[in-house]
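Note sheet for the following structure.
The values are calculated or read from the model by the stated rules, or taken from the named source; none is laboratory data. Worth saying up front: this structure is predicted, and the values here are computed from it rather than measured. Note that each Cβ is placed from the backbone with ideal geometry, even for glycine, and that neighbours are counted across all protein chains shown. Each accessible area value is taken on the protein alone, full model and side chains, heavy atoms only, with ligands, DNA and RNA left out. Shrake-Rupley method; radii C 1.70, N 1.55, O 1.52, S 1.80 Å.
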Amino acid sequence: MTTLEMLKELCGATGVAGEEFSASEKAAELLRAYTDNVEIDSFGSVIGRIPGKGENCPTLLLDAHIDQIGMIVTHITDEGFLRVSRCGGVDRRLLLAQQVVVHGKKPLVGIVGTKPPHLTSAEETKQVPEIEDIAIDVGYTKEELEELVCPGDRVTYDGDFLEMQNGRVSSKSLDDRSGVAAILYALEQIKGKDLSYNLVIVFSVQEEVGGTGAATTAFRIAPDEAIAVDVSFAKTADLKQQHIPDMGTGAMIGISPILNRGMFDELVNLAKEGEIPYTLEAMGGRTGTNADEISVAAGGVRTGLLSIPMKYMHTPVEMVQISDVEAVGKLIAAYILR
């Protein structure tokens, strides 16, 4: 399976934070190509194990989160509209007039309602509604909806997986299914080789609502080292900051107070030696990724962070470049085999 095919399959699975079942099953299916020792734990995270060769091998945890942003139904109005709240960092600016899918007893296509511009005041055009003020219209009455939808059901953007030019793809949930694909790509590179690590692969849940999946699995596994894989910001037309890289520049190697300096130096050296394209990402505190939770699990874990440059994060049209996903995978493989 190519990286593009993996991404398409992963992004096609639904997995809003707290209800990642479909996405976890898909990731577990793909992971079983590399190990028979795969489980989905009681929290919903996918855990796979590949033993190292020899005695007393250290344990290396590889983590990417499987959940995606979305919304949660809070109630049904008397007029037959759905009110919602956010699950993760949904951008309120994008919601009006979006097509969505309500994951009730069966999937229901809905529309986020919006007032026509003819009826909108000049002051209203300057305002972004609170998420609790939006209404989703699926075309049913309240009584019909109550047979199919209940509070707690999740809502996702309804969008297609698009193959763009120059090896780029656009889809919802590439954050962080592209990280999952990068780890699977790394496993393909090391397949059949003797390993000096016991590898534990985790596709964790609930990163978008606080990283609880990574916290529970890291505490349970208590690895010696960990590499978290996520996405970070790539330069777009409206971003002028010089430190933000372009797409196609390879793996982003993170450094921050919570990340291990020795692992950072090793990843940089391996990228140079292997001619793997990379950029550096310096952060002054927390990283906003699962690395934050993993590094303080149990008695503390030496942790590194690799990120994939992404445009349009937390939107229905997130975009990554496949060569960047594969660069991250190559660097993980090099670290494992060094």
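Okay, here's what the table says:
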| item | result |
| --- | --- |
| Test: residue in region 153-161 that is of a type in the set (Gly, Ala, Ser), at pLDDT 95 or above and open to solvent by less than 50 Å² (accessible area, probe 1.4 Å) | no |
| Residue in region 81-92 that is assigned to a strand (DSSP E or B) and among the aliphatic types (A, V, I, L, M) present | yes |
| Region 120-140 residues that are in contact (Cβ under 8 Å) with a residue 12 or more places away in the chain, paired with ones that are part of a loop (DSSP other than H, G, I, E, B) and open to solvent by less than 60 Å² (accessible area, probe 1.4 Å) (beta carbon under 6 Å, 6 or more apart) | ILE134/LEU95; ALA135/GLY113; ASP137/GLY113; TYR140/GLY80 |
| Top-ranked residue in region 1-44 [being among the acidic types (Asp, Glu) and closer than 20 Å to ASP158 by Cβ; ranked as surrounded by the most Cβ atoms within 10 Å (Cβ to Cβ)] | GLU20 |
| Options GLY167, GLY179; residue that is among the small types (Gly, Ala, Ser), surrounded by fewer than 18 Cβ atoms within 10 Å (Cβ to Cβ) and modelled with pLDDT of 95 or more | GLY167 |
| VAL155 being among the aliphatic types (A, V, I, L, M) and in contact (Cβ under 8 Å) with a residue 60 or more places away in the chain | yes |
| Qualifying positions in region 190-220 - of a type outside the set (Val, Ile, Thr), open to solvent by 70 Å² or more (accessible area, probe 1.4 Å) and not in a loop (DSSP other than H, G, I, E, B) | PHE219, ARG220 |
| Filter pass, ASP238 being more than 11 Å from the chain's Cα centre (by Cα) and farther than 25 Å from ALA327 by Cα | yes |
| Yes/no for VAL231 being assigned to a helix (DSSP H, G or I), of a type in the set (A, V, I, L, M) and in contact (Cβ under 8 Å) with a residue 60 or more places away in the chain | no |
| Enumerated strands (runs of 3 or more DSSP E) restricted to region 19-65, each holding at least 1 residues that are in contact with a Gly (Cβ under 9 Å, 6 or more places away or on another chain) and closer than 16 Å to ASP224 by Cβ | 59-65 |
| Test: SER121 is more than 23 Å from the chain's Cα centre (by Cα) and open to solvent by less than 60 Å² (accessible area, probe 1.4 Å) | yes |
| Test: residue in region 52-73 that is charged (D, E, K, R) and open to solvent by 50 Å² or more (accessible area, probe 1.4 Å) | yes |
| Those residues of region 75-107 which are surrounded by 14 or more Cβ atoms within 10 Å (Cβ to Cβ) and over 24 Å from the mean Cα position of the chain (by Cα), in sequence order | ILE76, GLY80, PHE81, LEU82, ARG83 |
| Selected residue (criterion: nearest to GLU147 (Cα to Cα)) from residues of region 66-80 that are outside any strand (DSSP E or B) and of a type in the set (A, V, I, L, M, F, W, C) | ILE69 |
